[in-house]
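The structure under discussion appears below in the form of structure tokens.
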Amino acid sequence: MNKIKYGFTTLIFLFSAVVFAQDQEAEKTKEPGHLNQSKFKQLYEEFSTPNSYRSASGAPGHAYYQQQANYVMDIELDDKNHRISGSETITYINNSPDDLEFLWIQLDQNIREKDSKAKLKNGGGVPMAEQASAFAGKYMAEPFEGGFIIEEVKDASGKPLAHTINFTMMRIDLPKPLKSKEQVSFSIKWNYNIPNHTVNRARSGYEEFADGNRAYVIAQFFPRMAVYNDVEGWQNHQFWGNGEFALTFGDYEVNITVPADHILDATGTLQNRKEVYSKEMIKRYEKAKKSYDKPVLIVTQDEAVEAAKGFSEKKKTWKFKAKNVRDYGFATSRRFIWDMQAVKVGNKDVMAVSLYPKEGNPLWEEYSTKAVAHTLKSYSSHTFDYPYPKAISVHAKNQGMEYPMICWNYGRPNEDGTYSDRVKYGMISVIIHEVGHNFFPMIVNSDERQWGWMDEGLDTFMQYMAEQEFGELYPEAVAPNSAYPSRRGAPAKIVPYMAGDQSTISPIMSNPENVYQLGPNAYAKPATALNILRETIMGRELFDHAFKTYAQRWMFKHPTPEDFFRTMEDASAVDLDYYWRGWFYTTDYVDIGVKGIKKYYVTDKPSKKMLEYMEARNLTTADLPPLVYLADEDAEDFDSNLKGKAPSESSMTLKEYMMDNMTEAERKAVKEPKYFYEISYESPGGIPMPIIVEYTYADGSTENITYPAEVWRKNSEEVKMVMSSQKELTNIVIDPKLETADIDTTNNSWPKKEQESDFDQFKEKIKG
Ligand SMILES: [Zn+2]
């Protein structure tokens, strides 16, 4: 019966709507039309169309392929002249369905050529302040003579291969195209001057100590294959300095010759330990392999100090093999202290390793290897078991850079060995971060040159979790009763950036070279977005499963942003288009406020306004089932007798309905509310987020309700939520635990909290 009546009312309503529209047209007040601007709109325009290489689920497609590049290299370090030279043979395997007429090789060192264009790329004018080292490097130093000298490029039979160098890229023209599923071998001989990375601000190079010794951290040091894939073709975007690397997986055999009194460690498994270790070192190494709780020194501080006094003219060659890595790095010096311990990851042992000059102590002997071991365990638990045999943390002044199995980290105590908390936490955090990069992007091998956030953002998010876990595992390392002081990840920390000047912020989905502040853009904001997604939007169980699915689907493969976005939905059944759009594709921010609150009472005596409402819709009460009305307390004709009465006391219709339709037992079981509120929430920020509300009632009790972000689907600016209650509402607070990175909390409460002005606070201060 009700159905028929409702159908009828709908019809009447539609009819009246048409008349209404005609009236408006006559007055020409109709607003112009608009495109679909909903944040909840499907992301089809932003996403590329799924295909056989990359499926709509976010997993690799059935035709997914990736190229492989295997390297055999002989490298020699000339410590006296700080030069490095090498010869390498690359075997490139074309797994793509395409024939390739040329190959692209990356020559990253060319960014340090004397007349490099990279120095001329910045058009930002005079900076107000600059670090002394950067200033000196830019305006006072002789330009450094860096860059690769390519001595020869030859095919497998030793014949020269035609090649063209364009800045940081080299094209090798093949005499005949490399067919799909075939491979080609060629060799390159090269050398370059190693920069002093503490002066020339480089990602690798050497630091020179007062005693004339140097500590080398060497990376991007050999011509490397560019990536060829289904997304970019050849990924041959130039290296301008900010956009990091896109690299092909492969197997490496590397022999590195250094002065005989040097210590060295590198990507891969050492093949000739007996030739390069002393007998004592081998004994200590055997002990370290069984030490799971603390590191064992392989080279002590005394031994390192002693070694630094000499300068051997003899040479030693360290031989390594590495399987399925996307890059290669090594560190060497006669000043290094060296410690190691074993870590159980899944069912196998991994070595956690640290190399540091004495300048790093006492901080480094205490925390470095501990942080490495913790990172491997923490990250493995959220992704996949760390697959490599070791992870090395090298102390290099001002550095924070990552390579497979090895990374460089800052954090140096004062000369007298004292250090601040800032230095200590900075050091532990950078080690967690850089070791963590083994997972993203060394193994989940995204294109860093295009998408900084895919490695930095994911890694910073994982770093935040690992730091918090570190604080719980080692409470003695943090201040009493405190959590680990993470610099990035907590929602409130991103507020200054997201509230900042729109002309200097970019969406996360930007190329790193186009971004003003890479730190907040590619590290902190995506890390925070993921943290909020985990804690507030999806919940840990759904998020962790989806995140792990992404890591495992793309382990040892090349994912794109869509592969990540799609997988997170695919494995969770949480519709996230609005979240990716708001947080990743725009510079919108979160600002949700309580706009107003209205109190209503139940009546069956309609006011004039209610009758007008009905009339405008061609409705008469005769057409409808009996109605109850809600009277607005602030309306002029509000009947004050209604105040504080339960609905059945105020409305005969409701009472009759209950008598006719409910048994006595049912009537007893229902709770009749006394108060009705309509609360308006506004979202001037633009990112739809759940409205997390704490309601407080007159008796002091509280109730927490989270309205899902979907509440903003039909109106992104304002929504009106209805609350019925037996108790009077006295207070409303939005986002009481600061979970959403709301940039303006002055509109988060009702009644509005009077914010003390700075001047009032100042007056209070001088009074006190
Ligand atoms: Zn990083």
| remark: Residues of region 514-530 being crowded, with 17+ Cβ neighbours inside 10 Å and within 16 Å of the ligand (Cβ to nearest atom), in sequence order, are Val515, Leu518, Pro520, Asn521, Ala522, Tyr523, Ala524, Lys525, Pro526, Ala527, Thr528, Leu530
| query | All but one of (1) touching a Ser or Thr at 6+ places or on another chain (Cβ under 7 Å); (2) among the β-branched types (Val, Ile, Thr); (3) closer than 24 Å to Gly147 by Cα hold for Thr267; which doesn't? | reply | (1)
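If you take the residues of region 545-556 that are surrounded by 18 or more Cβ atoms within 10 Å (Cβ to Cβ) and touching a residue at least 60 places away in the same chain (Cβ under 8 Å), which of them is nearest to Tyr579 (Cα to Cα)? Please lay out each step first, then the result.
Quick first cut of region 545-556, residues surrounded by 18 or more Cβ atoms within 10 Å (Cβ to Cβ) only: 546-547, 549-551, 553-554.
Adding the requirement that they be touching a residue at least 60 places away in the same chain (Cβ under 8 Å) leaves 547, 550-551, 553-554.
On the way: Phe547: 15, Tyr550: 17, Ala551: 20, Arg553: 22, Trp554: 22 Å.
Step by step, filter region 545-556, then rank; the result is Phe547.
Output the strands (runs of 3 or more DSSP E) that fall wholly within region 299-354 and possess 2 or more residues being in contact (Cβ under 8 Å) with a residue 60 or more places away in the chain, or say none. Quick ask: steps written out before the conclusion?
Numbers: elements: 315-325, 330-333, 337-345.
In region 299-354, the matching strands (runs of 3 or more DSSP E) lie at 315-325, 330-333.
What do you reckon, is Lys176 under 30 Å from Ser55 (Cα atoms) and either open to solvent by 20 Å² or more (accessible area, probe 1.4 Å) or among the hydrophobic types (A, V, I, L, M, F, W, C) (or both)? Can you show your working first?
Working: under 30 Å from Ser55 (Cα atoms): no; either open to solvent by 20 Å² or more (accessible area, probe 1.4 Å) or among the hydrophobic types (A, V, I, L, M, F, W, C) (or both): yes.
For Lys176, the condition - under 30 Å from Ser55 (Cα atoms) and either open to solvent by 20 Å² or more (accessible area, probe 1.4 Å) or among the hydrophobic types (A, V, I, L, M, F, W, C) (or both) - is not met.
Conditions tested, residue by residue: (1) aromatic (Phe, Trp, Tyr); (2) in contact (Cβ under 8 Å) with a residue 40 or more places away in the chain.
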residue	(1), (2)
Leu624	no, yes
Asp634	no, no
Tyr675	yes, yes
Gly686	no, yes
| request: Consider Tyr356 carefully, then state whether it is within 36 Å of the chain's Cα centre (by Cα) and farther than 30 Å from Ala210 by Cβ. | output: no
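Checking the structure you have, find out if any residue of region 663-672 is touching a residue at least 24 places away in the same chain (Cβ under 8 Å) and under 30 Å from Ser716 (Cα atoms). Before you say what the answer is, go through the steps one by one.
First, the residues of region 663-672 that are touching a residue at least 24 places away in the same chain (Cβ under 8 Å): 671-672.
Those still in the list that are under 30 Å from Ser716 (Cα atoms) too: none.
Among the residues of region 663-672, not one is touching a residue at least 24 places away in the same chain (Cβ under 8 Å) and under 30 Å from Ser716 (Cα atoms), which makes the answer no.
Residue-by-condition table, conditions (1) open to solvent by less than 40 Å² (accessible area, probe 1.4 Å); (2) not polar (S, T, N, Q):
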| residue | (1), (2) |
| --- | --- |
| Pro60 | yes, yes |
| Tyr65 | yes, yes |
| Asp74 | no, yes |
| His82 | no, yes |
| Gly86 | yes, yes |
| Tyr92 | yes, yes |
| Ser96 | yes, no |
| task | Go through region 494-551 and count every residue that is under 26 Å from Glu467 (Cα atoms) and in a helix (DSSP H, G or I). | result | 39
| task | Would you check which residues across region 412-429 are in contact with a strand residue (DSSP E or B) (Cβ under 8 Å, 6 or more places away or on another chain) and open to solvent by 10 Å² or more (accessible area, probe 1.4 Å) and list them? | result | Arg412
| Is it the case that some residue within region 179-188 is part of a loop (DSSP other than H, G, I, E, B), open to solvent by less than 40 Å² (accessible area, probe 1.4 Å) and at pLDDT 95 or above? | yes
| request: Look at region 98-115 and say how many of its residues are open to solvent by 70 Å² or more (accessible area, probe 1.4 Å) and within 30 Å of Tyr53 (Cβ to Cβ). | output: 2
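Can you report the number of residues in region 564-600 which are assigned to a strand (DSSP E or B) and open to solvent by less than 10 Å² (accessible area, probe 1.4 Å)? Spell out how you get there, then give the answer.
The first filter runs over region 564-600 and keeps only residues assigned to a strand (DSSP E or B), leaving 589-590, 593-600.
After this cut, where a residue has to be open to solvent by less than 10 Å² (accessible area, probe 1.4 Å) as well, the list is 590, 593.
The qualifying residues number 2.
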| Considering region 268-287 alone, what residues qualify as being open to solvent by 40 Å² or more (accessible area, probe 1.4 Å) and within 40 Å of the chain's Cα centre (by Cα)? | Thr269, Gln271, Arg273, Arg284, Glu286, Lys287
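Just the residues that are among the charged types (D, E, K, R), under 17 Å from Glu728 (Cβ atoms) and under 56 Å from the mean Cα position of the chain (by Cα), please, taken from region 631-659. Talk me through it step by step, then tell me what you get.
Within region 631-659, the first condition is being among the charged types (D, E, K, R), and the residues that meet it are 632-634, 636-637, 639, 643, 645, 649, 655-656.
Remaining after also requiring under 17 Å from Glu728 (Cβ atoms): 632-634, 643, 645, 649.
Selection gives Asp632, Glu633, Asp634, Lys643, Lys645.
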| request: Just name the residue that is nearest to Ile597 (Cα to Cα) out of those in region 706-720 that are open to solvent by 40 Å² or more (accessible area, probe 1.4 Å) and assigned to a strand (DSSP E or B). | output: Lys720
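So, Val305, is that one open to solvent by 10 Å² or more (accessible area, probe 1.4 Å), touching an Asp or Glu at 6+ places or on another chain (Cβ under 9 Å) and farther than 27 Å from Met73 by Cα or not? Steps first, please.
On the way: open to solvent by 10 Å² or more (accessible area, probe 1.4 Å): yes; touching an Asp or Glu at 6+ places or on another chain (Cβ under 9 Å): no; farther than 27 Å from Met73 by Cα: yes.
Judged against the criteria, Val305 is not a match.
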| task | Can you work out which of the residues in region 601-617 that are in a loop (DSSP other than H, G, I, E, B) and in contact (Cβ under 8 Å) with a residue 24 or more places away in the chain is farthest from the chain's Cα centre (by Cα)? | result | Lys605
| said: Please pick out the residue among Ala136, Ala118, Ala156 that is touching a residue at least 24 places away in the same chain (Cβ under 8 Å), surrounded by fewer than 13 Cβ atoms within 10 Å (Cβ to Cβ), touching a helix residue (DSSP H, G or I) at 6+ places or on another chain (Cβ under 9 Å) and of a type outside the set (S, T, N, Q). | reply: Ala136
| query | Out of (1) open to solvent by 60 Å² or more (accessible area, probe 1.4 Å); (2) touching a helix residue (DSSP H, G or I) at 6+ places or on another chain (Cβ under 9 Å); (3) assigned to a helix (DSSP H, G or I), what's the single condition that is false for Lys294? | reply | (3)
| Taking the condition small (Gly, Ala, Ser) and open to solvent by 10 Å² or more (accessible area, probe 1.4 Å), does Ser393 pass? | no
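If a residue counts only when it is modelled with pLDDT of 95 or more, of a type in the set (A, V, I, L, M, F, W, C) and over 30 Å from Asn213 (Cβ atoms), which strands (runs of 3 or more DSSP E) contained entirely in region 79-167 have at least 3 such residues? Can you show your working first?
On the way: elements: 83-93, 100-106, 149-155, 163-166.
In region 79-167, 100-106 are the strands (runs of 3 or more DSSP E) which contain 3 or more residues that are modelled with pLDDT of 95 or more, of a type in the set (A, V, I, L, M, F, W, C) and over 30 Å from Asn213 (Cβ atoms).
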| task | Keeping to region 467-505, report how many residues are surrounded by 14 or more Cβ atoms within 10 Å (Cβ to Cβ) and of a type in the set (Ser, Thr, Tyr). | result | 4
| field | Residue count for region 721-765, restricted to those that are more than 36 Å from the chain's Cα centre (by Cα), modelled with pLDDT of 95 or more and surrounded by 16 or more Cβ atoms within 10 Å (Cβ to Cβ) | value | 1
| query | Does Val345 meet the test of being away from the ligand (no atom under 16 Å from the Cβ) and aliphatic (A, V, I, L, M)? | reply | yes
| query | Which numbered condition trips up Ser482, out of (1) over 20 Å from the mean Cα position of the chain (by Cα); (2) closer than 21 Å to Ala266 by Cβ? | reply | (2)
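The values are calculated or read from the model by the stated rules, or taken from the named source; none is laboratory data. Keep in mind that this is a model prediction, so the values were computed, not measured. Quick reminder, even Gly has a Cβ in these numbers, built from the backbone with ideal geometry, and neighbours come from all protein chains shown. The protein model used for the area step is the full one, side chains on, heavy atoms only, and it has no ligands, DNA or RNA in it. Shrake-Rupley method; radii C 1.70, N 1.55, O 1.52, S 1.80 Å.
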